[in-house]
Amino acid sequence: MLKSYFIDVKGILHDFPILSRKINGHRLVYLDNAATTQKPLQVIEAVNDFYLKHNANVHRSVHTLGEEATELYEGAREKVASFINAGSEEIVFTRGTTESINLVRFAWAEKYLEKDDVILLTMMEHHSNIVPWQLVARKKGAKLRYVGVDKEGRLKFDELERDIAGSRILAITHCSNVLGTVNDVKKACSLARKNGVLTVVDAAQSAPHIRVDVREIGCDFLAFSGHKMLAPNGIGVLYGRKEILQEMDPFHGGGDMIKEVFLDHATWNDVPYKFEAGTVNTGGAIGLAEAIRYIEKIGIENIEKHERAVTQYCLETLSKIEGLLIYGPQEAKGRVGVVSFNIKGAHPHDVATILDRNGIAIRSGHHCAQPLMNHYSVPAMCRASFYLYNTLEDVDRLYQGIKKVKEVFG
Ligand SMILES: Cc1ncc(COP(=O)(O)O)c(C=O)c1O
(Lines give C-alpha, C1' and ligand atoms only; values in the text may rest on other atoms or scores of the structure.)
Protein backbone atom coordinates (compact mmCIF):
# COMPACT_ATOMS: atom_id res chain seq x y z
CA MET A 1 0.00 0.00 0.00
CA LEU A 2 1.30 3.39 -1.04
CA LYS A 3 1.34 6.12 1.56
CA SER A 4 0.98 9.85 1.20
CA TYR A 5 4.08 11.30 2.79
CA PHE A 6 3.48 15.01 3.11
CA ILE A 7 0.95 15.11 5.94
CA ASP A 8 0.61 12.92 9.00
CA VAL A 9 -3.08 12.26 8.31
CA LYS A 10 -3.43 9.74 11.16
CA GLY A 11 -2.06 12.43 13.49
CA ILE A 12 -4.69 15.00 12.49
CA LEU A 13 -7.75 12.76 12.11
CA HIS A 14 -8.65 13.14 15.80
CA ASP A 15 -9.13 16.87 15.09
CA PHE A 16 -12.08 15.92 12.84
CA PRO A 17 -14.50 13.76 14.88
CA ILE A 18 -17.04 13.81 12.04
CA LEU A 19 -14.63 11.74 9.92
CA SER A 20 -14.90 8.82 12.35
CA ARG A 21 -18.65 8.62 11.76
CA LYS A 22 -20.09 5.49 10.22
CA ILE A 23 -22.43 6.07 7.30
CA ASN A 24 -24.61 3.11 6.36
CA GLY A 25 -22.30 0.86 8.36
CA HIS A 26 -19.07 2.05 6.72
CA ARG A 27 -16.37 4.49 7.86
CA LEU A 28 -17.19 7.82 6.23
CA VAL A 29 -14.98 8.70 3.27
CA TYR A 30 -15.63 12.38 2.71
CA LEU A 31 -14.79 13.39 -0.87
CA ASP A 32 -16.95 16.49 -1.23
CA ASN A 33 -14.41 19.07 -0.13
CA ALA A 34 -14.85 21.34 -3.14
CA ALA A 35 -18.42 21.89 -1.90
CA THR A 36 -17.39 22.43 1.71
CA THR A 37 -14.73 21.08 4.06
CA GLN A 38 -15.05 19.63 7.55
CA LYS A 39 -14.03 21.76 10.53
CA PRO A 40 -11.32 20.79 13.02
CA LEU A 41 -11.94 20.99 16.78
CA GLN A 42 -9.54 23.95 16.99
CA VAL A 43 -11.82 26.03 14.78
CA ILE A 44 -14.99 24.94 16.56
CA GLU A 45 -13.38 25.72 19.94
CA ALA A 46 -12.17 29.16 18.79
CA VAL A 47 -15.71 30.08 17.74
CA ASN A 48 -17.13 28.63 20.99
CA ASP A 49 -14.57 30.52 23.03
CA PHE A 50 -15.59 33.79 21.43
CA TYR A 51 -19.27 33.28 22.23
CA LEU A 52 -18.57 31.87 25.70
CA LYS A 53 -16.11 34.55 26.84
CA HIS A 54 -15.79 37.57 24.57
CA ASN A 55 -19.04 38.15 22.70
CA ALA A 56 -19.95 41.78 22.00
CA ASN A 57 -20.51 43.90 18.92
CA VAL A 58 -17.31 45.22 17.30
CA HIS A 59 -16.17 48.82 16.65
CA ARG A 60 -18.89 50.23 18.91
CA SER A 61 -18.67 49.70 22.64
CA VAL A 62 -15.84 50.86 24.91
CA HIS A 63 -16.54 48.21 27.57
CA THR A 64 -14.10 45.34 28.01
CA LEU A 65 -16.04 42.78 25.97
CA GLY A 66 -16.48 45.31 23.15
CA GLU A 67 -12.73 45.92 23.08
CA GLU A 68 -11.93 42.19 23.18
CA ALA A 69 -14.34 41.38 20.36
CA THR A 70 -12.90 44.19 18.23
CA GLU A 71 -9.35 43.03 18.90
CA LEU A 72 -10.21 39.44 17.93
CA TYR A 73 -12.03 40.54 14.77
CA GLU A 74 -9.26 42.89 13.63
CA GLY A 75 -6.68 40.25 14.56
CA ALA A 76 -8.53 37.86 12.23
CA ARG A 77 -8.31 40.43 9.45
CA GLU A 78 -4.54 40.69 9.95
CA LYS A 79 -4.21 36.90 9.85
CA VAL A 80 -6.13 36.71 6.55
CA ALA A 81 -4.06 39.58 5.13
CA SER A 82 -0.74 37.91 5.92
CA PHE A 83 -2.05 34.57 4.53
CA ILE A 84 -2.47 36.10 1.05
CA ASN A 85 0.25 38.79 1.38
CA ALA A 86 -2.15 41.74 1.42
CA GLY A 87 -2.49 44.80 3.64
CA SER A 88 -5.14 44.40 6.34
CA GLU A 89 -7.04 47.46 5.02
CA GLU A 90 -7.37 45.53 1.74
CA ILE A 91 -9.33 42.68 3.37
CA VAL A 92 -13.12 42.99 3.36
CA PHE A 93 -15.01 40.31 5.25
CA THR A 94 -18.05 39.04 3.33
CA ARG A 95 -20.34 36.00 3.50
CA GLY A 96 -18.24 34.16 0.93
CA THR A 97 -16.97 34.15 -2.64
CA THR A 98 -20.41 34.81 -4.08
CA GLU A 99 -20.96 37.92 -2.00
CA SER A 100 -17.39 39.11 -2.66
CA ILE A 101 -17.91 38.99 -6.43
CA ASN A 102 -21.30 40.66 -6.10
CA LEU A 103 -19.64 43.41 -4.06
CA VAL A 104 -17.33 44.14 -7.01
CA ARG A 105 -20.28 44.03 -9.35
CA PHE A 106 -22.31 46.57 -7.32
CA ALA A 107 -19.57 48.81 -5.96
CA TRP A 108 -17.22 48.89 -8.97
CA ALA A 109 -18.97 47.68 -12.11
CA GLU A 110 -22.26 49.53 -11.54
CA LYS A 111 -20.25 52.73 -11.14
CA TYR A 112 -17.65 52.43 -13.89
CA LEU A 113 -18.93 50.06 -16.55
CA GLU A 114 -20.20 51.70 -19.73
CA LYS A 115 -22.33 50.64 -22.70
CA ASP A 116 -20.54 48.16 -25.00
CA ASP A 117 -17.72 47.53 -22.49
CA VAL A 118 -16.63 43.88 -22.57
CA ILE A 119 -16.48 41.63 -19.52
CA LEU A 120 -14.15 38.74 -20.30
CA LEU A 121 -14.94 35.46 -18.51
CA THR A 122 -13.92 31.87 -19.06
CA MET A 123 -15.96 28.78 -19.92
CA MET A 124 -14.86 27.16 -16.66
CA GLU A 125 -16.35 29.73 -14.28
CA HIS A 126 -18.64 28.84 -11.40
CA HIS A 127 -22.10 30.47 -11.69
CA SER A 128 -20.96 32.89 -8.94
CA ASN A 129 -18.49 34.35 -11.40
CA ILE A 130 -20.94 34.42 -14.32
CA VAL A 131 -24.38 35.50 -13.14
CA PRO A 132 -23.34 38.73 -11.33
CA TRP A 133 -21.63 39.82 -14.57
CA GLN A 134 -24.68 38.92 -16.65
CA LEU A 135 -26.82 41.06 -14.35
CA VAL A 136 -24.58 44.11 -14.51
CA ALA A 137 -24.02 43.68 -18.25
CA ARG A 138 -27.76 43.71 -18.81
CA LYS A 139 -28.16 46.84 -16.70
CA LYS A 140 -25.28 48.79 -18.25
CA GLY A 141 -25.49 47.50 -21.83
CA ALA A 142 -22.11 45.80 -21.54
CA LYS A 143 -21.11 42.59 -23.37
CA LEU A 144 -19.89 39.23 -22.13
CA ARG A 145 -17.18 37.26 -23.89
CA TYR A 146 -15.84 33.83 -22.89
CA VAL A 147 -12.37 32.31 -23.17
CA GLY A 148 -12.74 28.68 -24.30
CA VAL A 149 -11.48 25.42 -22.79
CA ASP A 150 -9.50 22.86 -24.77
CA LYS A 151 -9.95 19.06 -24.88
CA GLU A 152 -7.56 18.59 -21.94
CA GLY A 153 -9.62 20.97 -19.83
CA ARG A 154 -7.15 23.85 -19.97
CA LEU A 155 -7.89 27.46 -20.83
CA LYS A 156 -7.30 28.48 -24.42
CA PHE A 157 -4.80 31.13 -23.48
CA ASP A 158 -4.44 32.32 -27.07
CA GLU A 159 -8.10 33.41 -26.92
CA LEU A 160 -7.43 35.28 -23.69
CA GLU A 161 -4.45 37.00 -25.29
CA ARG A 162 -6.58 37.89 -28.31
CA ASP A 163 -9.60 39.23 -26.40
CA ILE A 164 -8.01 40.97 -23.43
CA ALA A 165 -7.17 44.15 -25.36
CA GLY A 166 -10.77 45.18 -25.98
CA SER A 167 -12.04 44.24 -22.50
CA ARG A 168 -12.82 46.27 -19.39
CA ILE A 169 -12.99 43.47 -16.78
CA LEU A 170 -11.37 40.03 -16.66
CA ALA A 171 -13.14 37.70 -14.20
CA ILE A 172 -11.27 34.42 -14.01
CA THR A 173 -11.14 31.43 -11.71
CA HIS A 174 -7.77 30.43 -10.26
CA CYS A 175 -8.78 26.75 -10.12
CA SER A 176 -11.75 25.08 -11.76
CA ASN A 177 -14.19 23.49 -9.30
CA VAL A 178 -15.01 20.88 -11.98
CA LEU A 179 -11.78 20.15 -13.85
CA GLY A 180 -9.28 20.93 -11.12
CA THR A 181 -7.28 22.94 -13.67
CA VAL A 182 -5.01 25.58 -12.13
CA ASN A 183 -5.04 28.64 -14.38
CA ASP A 184 -1.99 30.86 -14.79
CA VAL A 185 -3.71 33.85 -13.22
CA LYS A 186 -0.40 35.66 -12.80
CA LYS A 187 0.08 35.69 -16.57
CA ALA A 188 -3.58 36.57 -17.16
CA CYS A 189 -3.42 39.50 -14.71
CA SER A 190 -0.16 40.73 -16.22
CA LEU A 191 -1.77 40.78 -19.68
CA ALA A 192 -4.82 42.52 -18.23
CA ARG A 193 -2.74 45.14 -16.45
CA LYS A 194 -0.86 45.97 -19.66
CA ASN A 195 -4.23 46.58 -21.31
CA GLY A 196 -5.79 48.57 -18.46
CA VAL A 197 -8.27 45.77 -17.67
CA LEU A 198 -9.62 45.28 -14.14
CA THR A 199 -9.00 41.77 -12.78
CA VAL A 200 -11.23 39.71 -10.49
CA VAL A 201 -9.78 36.35 -9.44
CA ASP A 202 -12.06 33.66 -8.00
CA ALA A 203 -9.84 31.86 -5.49
CA ALA A 204 -12.58 29.71 -3.91
CA GLN A 205 -10.80 26.52 -5.02
CA SER A 206 -7.22 27.75 -4.73
CA ALA A 207 -6.84 29.60 -1.41
CA PRO A 208 -7.57 26.43 0.62
CA HIS A 209 -5.12 24.27 -1.38
CA ILE A 210 -2.20 26.18 -2.90
CA ARG A 211 -0.20 29.31 -2.04
CA VAL A 212 -2.13 32.44 -3.02
CA ASP A 213 -0.12 35.65 -2.99
CA VAL A 214 -2.06 38.64 -4.28
CA ARG A 215 1.07 40.71 -4.88
CA GLU A 216 2.62 37.95 -6.94
CA ILE A 217 -0.59 37.34 -8.89
CA GLY A 218 -0.97 41.09 -9.43
CA CYS A 219 -4.79 41.09 -9.36
CA ASP A 220 -7.11 43.96 -8.46
CA PHE A 221 -9.63 41.76 -6.62
CA LEU A 222 -9.54 38.21 -5.28
CA ALA A 223 -12.37 36.33 -3.58
CA PHE A 224 -12.59 33.19 -1.45
CA SER A 225 -14.81 31.41 1.11
CA GLY A 226 -13.96 30.29 4.64
CA HIS A 227 -16.11 27.17 4.59
CA LYS A 228 -13.99 25.60 1.83
CA MET A 229 -10.89 25.91 4.03
CA LEU A 230 -11.86 24.46 7.43
CA ALA A 231 -13.67 27.61 8.65
CA PRO A 232 -17.37 28.11 9.44
CA ASN A 233 -20.03 28.88 6.84
CA GLY A 234 -21.00 32.48 6.21
CA ILE A 235 -17.55 34.05 6.30
CA GLY A 236 -15.54 34.94 3.23
CA VAL A 237 -13.05 37.43 1.92
CA LEU A 238 -12.75 40.04 -0.76
CA TYR A 239 -9.22 41.29 -1.29
CA GLY A 240 -9.15 44.58 -3.17
CA ARG A 241 -6.22 46.81 -4.04
CA LYS A 242 -6.41 49.72 -1.60
CA GLU A 243 -6.52 52.51 -4.18
CA ILE A 244 -9.38 50.79 -6.00
CA LEU A 245 -11.35 50.11 -2.82
CA GLN A 246 -10.98 53.76 -1.87
CA GLU A 247 -12.48 55.09 -5.08
CA MET A 248 -15.42 52.67 -5.09
CA ASP A 249 -18.94 53.35 -3.88
CA PRO A 250 -20.17 51.44 -0.82
CA PHE A 251 -21.94 48.10 -1.24
CA HIS A 252 -24.54 48.10 1.54
CA GLY A 253 -25.64 51.13 3.53
CA GLY A 254 -26.03 50.98 7.31
CA GLY A 255 -24.20 51.11 10.60
CA ASP A 256 -20.38 51.29 10.82
CA MET A 257 -19.80 52.00 7.10
CA ILE A 258 -20.28 55.77 7.55
CA LYS A 259 -18.24 58.67 8.90
CA GLU A 260 -21.14 61.08 9.32
CA VAL A 261 -24.84 60.89 8.52
CA PHE A 262 -27.01 63.94 7.82
CA LEU A 263 -30.69 63.99 6.96
CA ASP A 264 -30.07 64.03 3.23
CA HIS A 265 -26.63 62.47 2.76
CA ALA A 266 -23.78 60.64 4.45
CA THR A 267 -20.00 60.35 4.18
CA TRP A 268 -18.16 57.06 4.12
CA ASN A 269 -15.89 55.34 6.59
CA ASP A 270 -12.33 54.37 5.58
CA VAL A 271 -11.67 51.10 3.80
CA PRO A 272 -12.34 48.30 4.49
CA TYR A 273 -15.08 49.37 6.96
CA LYS A 274 -16.89 51.23 4.17
CA PHE A 275 -17.85 47.78 2.83
CA GLU A 276 -18.86 46.12 6.11
CA ALA A 277 -22.26 47.60 6.94
CA GLY A 278 -24.18 46.37 9.98
CA THR A 279 -23.19 43.83 12.60
CA VAL A 280 -20.46 41.62 11.19
CA ASN A 281 -19.84 37.88 11.51
CA THR A 282 -17.23 38.12 14.27
CA GLY A 283 -17.39 34.44 15.21
CA GLY A 284 -16.92 33.47 11.57
CA ALA A 285 -13.88 35.74 11.15
CA ILE A 286 -12.32 34.31 14.31
CA GLY A 287 -13.01 30.79 13.02
CA LEU A 288 -11.39 31.66 9.70
CA ALA A 289 -8.27 33.00 11.43
CA GLU A 290 -8.04 29.76 13.44
CA ALA A 291 -8.49 27.72 10.24
CA ILE A 292 -5.59 29.63 8.68
CA ARG A 293 -3.46 28.92 11.77
CA TYR A 294 -4.31 25.23 11.34
CA ILE A 295 -3.38 25.30 7.65
CA GLU A 296 -0.15 27.16 8.38
CA LYS A 297 0.81 24.66 11.07
CA ILE A 298 0.64 21.88 8.48
CA GLY A 299 2.04 24.12 5.74
CA ILE A 300 0.16 25.06 2.58
CA GLU A 301 2.98 23.60 0.43
CA ASN A 302 2.61 20.25 2.25
CA ILE A 303 -1.15 20.38 1.71
CA GLU A 304 -0.61 21.02 -1.99
CA LYS A 305 1.88 18.15 -2.37
CA HIS A 306 -0.27 15.78 -0.34
CA GLU A 307 -3.37 16.51 -2.39
CA ARG A 308 -1.42 16.21 -5.63
CA ALA A 309 -0.23 12.75 -4.58
CA VAL A 310 -3.78 11.68 -3.70
CA THR A 311 -5.07 13.17 -6.97
CA GLN A 312 -2.40 11.43 -9.07
CA TYR A 313 -3.26 8.13 -7.40
CA CYS A 314 -6.97 8.77 -8.00
CA LEU A 315 -6.41 9.57 -11.71
CA GLU A 316 -4.34 6.40 -12.15
CA THR A 317 -6.77 4.23 -10.18
CA LEU A 318 -9.98 5.45 -11.82
CA SER A 319 -8.50 5.31 -15.31
CA LYS A 320 -8.28 1.51 -14.90
CA ILE A 321 -12.08 1.32 -14.81
CA GLU A 322 -13.65 0.54 -18.15
CA GLY A 323 -16.33 2.97 -19.28
CA LEU A 324 -15.21 5.66 -16.82
CA LEU A 325 -14.39 9.03 -18.35
CA ILE A 326 -12.32 11.54 -16.40
CA TYR A 327 -12.68 15.23 -17.29
CA GLY A 328 -9.86 17.75 -17.17
CA PRO A 329 -6.08 17.30 -17.30
CA GLN A 330 -5.16 13.61 -17.17
CA GLU A 331 -2.26 14.08 -14.75
CA ALA A 332 -2.15 15.75 -11.34
CA LYS A 333 0.46 18.31 -12.41
CA GLY A 334 -1.30 21.66 -12.86
CA ARG A 335 -4.36 20.43 -11.00
CA VAL A 336 -5.84 20.73 -7.54
CA GLY A 337 -7.58 17.79 -5.86
CA VAL A 338 -10.79 17.77 -7.87
CA VAL A 339 -11.56 14.77 -10.09
CA SER A 340 -14.78 14.83 -12.11
CA PHE A 341 -15.90 11.76 -14.02
CA ASN A 342 -18.83 9.93 -15.56
CA ILE A 343 -19.56 6.25 -15.85
CA LYS A 344 -21.10 5.03 -19.09
CA GLY A 345 -24.75 4.12 -18.61
CA ALA A 346 -25.04 5.41 -15.02
CA HIS A 347 -26.52 8.77 -14.05
CA PRO A 348 -24.24 10.72 -11.67
CA HIS A 349 -27.01 10.93 -9.03
CA ASP A 350 -27.33 7.13 -9.09
CA VAL A 351 -23.56 6.79 -8.78
CA ALA A 352 -23.52 9.17 -5.79
CA THR A 353 -26.43 7.34 -4.15
CA ILE A 354 -24.76 3.93 -4.44
CA LEU A 355 -21.47 5.36 -3.17
CA ASP A 356 -23.31 6.90 -0.20
CA ARG A 357 -24.70 3.48 0.65
CA ASN A 358 -21.07 2.47 0.97
CA GLY A 359 -20.17 5.44 3.17
CA ILE A 360 -18.53 7.48 0.39
CA ALA A 361 -19.62 11.11 -0.05
CA ILE A 362 -19.08 12.59 -3.50
CA ARG A 363 -20.98 15.31 -5.33
CA SER A 364 -23.10 14.78 -8.40
CA GLY A 365 -24.79 17.42 -10.54
CA HIS A 366 -23.82 20.38 -12.67
CA HIS A 367 -21.52 21.80 -9.97
CA CYS A 368 -22.83 25.34 -10.60
CA ALA A 369 -21.00 25.28 -13.92
CA GLN A 370 -23.70 24.67 -16.52
CA PRO A 371 -21.84 26.38 -19.40
CA LEU A 372 -18.98 23.92 -18.79
CA MET A 373 -21.42 20.98 -18.68
CA ASN A 374 -22.78 22.15 -22.05
CA HIS A 375 -19.22 22.37 -23.38
CA TYR A 376 -18.80 18.66 -22.55
CA SER A 377 -22.39 17.89 -23.71
CA VAL A 378 -23.40 16.35 -20.38
CA PRO A 379 -26.08 17.44 -17.92
CA ALA A 380 -24.07 16.38 -14.88
CA MET A 381 -20.84 14.83 -13.60
CA CYS A 382 -19.65 12.94 -10.53
CA ARG A 383 -16.96 14.77 -8.57
CA ALA A 384 -14.53 13.50 -5.94
CA SER A 385 -12.60 16.31 -4.24
CA PHE A 386 -9.86 15.99 -1.65
CA TYR A 387 -8.46 17.87 1.28
CA LEU A 388 -5.67 17.47 3.80
CA TYR A 389 -7.35 14.61 5.68
CA ASN A 390 -7.90 12.35 2.65
CA THR A 391 -5.65 9.38 1.98
CA LEU A 392 -4.83 6.89 -0.73
CA GLU A 393 -6.99 4.41 1.20
CA ASP A 394 -9.93 6.78 0.60
CA VAL A 395 -9.23 6.53 -3.13
CA ASP A 396 -9.21 2.73 -2.82
CA ARG A 397 -12.62 2.90 -1.13
CA LEU A 398 -13.87 5.08 -4.01
CA TYR A 399 -12.54 2.52 -6.49
CA GLN A 400 -14.29 -0.34 -4.66
CA GLY A 401 -17.49 1.72 -4.51
CA ILE A 402 -17.41 2.40 -8.24
CA LYS A 403 -16.97 -1.32 -8.89
CA LYS A 404 -20.23 -1.85 -6.99
CA VAL A 405 -21.89 0.81 -9.17
CA LYS A 406 -20.66 -1.10 -12.23
CA GLU A 407 -22.18 -4.32 -10.87
CA VAL A 408 -25.57 -2.56 -10.75
CA PHE A 409 -25.30 -0.84 -14.14
CA GLY A 410 -23.32 -3.51 -15.97
C1 LIG B 1 -14.81 28.16 -8.10
C2 LIG B 1 -15.91 28.57 -7.18
N3 LIG B 1 -16.32 29.85 -7.17
C4 LIG B 1 -17.29 30.29 -6.35
C5 LIG B 1 -17.94 29.43 -5.50
C6 LIG B 1 -19.01 29.95 -4.61
O7 LIG B 1 -18.62 29.90 -3.28
P8 LIG B 1 -19.63 30.24 -2.12
O9 LIG B 1 -20.84 29.39 -2.33
O10 LIG B 1 -18.89 29.88 -0.88
O11 LIG B 1 -19.95 31.69 -2.19
C12 LIG B 1 -17.58 28.08 -5.48
C13 LIG B 1 -18.29 27.12 -4.63
O14 LIG B 1 -18.44 25.97 -4.94
C15 LIG B 1 -16.54 27.65 -6.34
O16 LIG B 1 -16.15 26.37 -6.38
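The values are calculated or read from the model by the stated rules, or taken from the named source; none is laboratory data. In this text, all values refer to a predicted model and were calculated from it rather than measured experimentally. As a convention, Cβ positions derive from the backbone with ideal geometry for all residues, glycine included, and neighbour counts pool all protein chains shown. The accessibility values were calculated without ligands, DNA or RNA, using every heavy atom of the protein model including side chains. Shrake-Rupley method; radii C 1.70, N 1.55, O 1.52, S 1.80 Å.
Miscellaneous remarks
- The stretch 9-45, subset β-branched (Val, Ile, Thr) and in a helix (DSSP H, G or I), residue nearest to the ligand (Cβ to nearest atom): Val43
- Residue identified as under 25 Å from Asn48 (Cα atoms), surrounded by fewer than 17 Cβ atoms within 10 Å (Cβ to Cβ), away from the ligand (no atom under 13 Å from the Cβ) and not acidic (Asp, Glu) among Gly283, Gly278: Gly278
- Taken over the stretch 138-159, residues that are among the acidic types (Asp, Glu) and touching a residue at least 24 places away in the same chain (Cβ under 8 Å) amount to 1.
- All positions within the stretch 82-116 that are open to solvent by less than 40 Å² (accessible area, probe 1.4 Å), assigned to a loop (DSSP other than H, G, I, E, B) and either in contact with a strand residue (DSSP E or B) (Cβ under 7 Å, 6 or more places away or on another chain) or within 15 Å of the ligand (Cβ to nearest atom) (or both): Ile84, Ala86, Gly96
- Single residue of Gly218, Gly141, Gly196 found to be away from the ligand (no atom under 13 Å from the Cβ), open to solvent by 10 Å² or more (accessible area, probe 1.4 Å) and in contact with an Asp or Glu (Cβ under 7 Å, 6 or more places away or on another chain): Gly141
- Per-region count, the stretch 87-104, residues within 11 Å of Val271 (Cα to Cα) and acidic (Asp, Glu): 2
- Filter pass, Ala165 being in contact with a Phe, Trp or Tyr (Cβ under 9 Å, 6 or more places away or on another chain), of a type outside the set (Val, Ile, Thr), assigned by TED's automatic domain parsing to the domain that holds Ile84 and modelled with pLDDT of 95 or more: no
- Taking the stretch 372-404 as the range and being over 25 Å from Thr37 (Cα atoms) and open to solvent by less than 60 Å² (accessible area, probe 1.4 Å) as the test, the residues that pass are Tyr376, Val378.
- Any chance Gly283 is within 20 Å of the chain's Cα centre (by Cα) and over 30 Å from Ser176 (Cβ atoms): yes
- Test: residue in the stretch 206-219 that is in contact with a strand residue (DSSP E or B) (Cβ under 6 Å, 6 or more places away or on another chain), of a type outside the set (Gly, Ala, Ser) and part of a strand (DSSP E or B): no
- Some residue of the stretch 356-374 being more than 16 Å from the ligand (Cβ to nearest atom), at positive phi and in contact (Cβ under 8 Å) with a residue 12 or more places away in the chain: yes
- Any hit, the stretch 359-369, residues being more than 25 Å from Val149 (Cβ to Cβ), crowded, with 19+ Cβ neighbours inside 10 Å and of a type in the set (A, V, I, L, M): yes
- The stretch 141-162, residues that are in a strand (DSSP E or B) and not aliphatic (A, V, I, L, M): Lys143, Arg145, Tyr146
- Within the stretch 59-69, the presence of at least one residue that is open to solvent by less than 40 Å² (accessible area, probe 1.4 Å), more than 26 Å from the chain's Cα centre (by Cα) and in contact (Cβ under 8 Å) with a residue 12 or more places away in the chain is confirmed.
- Residue in the stretch 260-272 that is within 26 Å of the chain's Cα centre (by Cα), more than 28 Å from Glu331 (Cβ to Cβ) and either in contact (Cβ under 8 Å) with a residue 40 or more places away in the chain or open to solvent by less than 80 Å² (accessible area, probe 1.4 Å) (or both) present: yes
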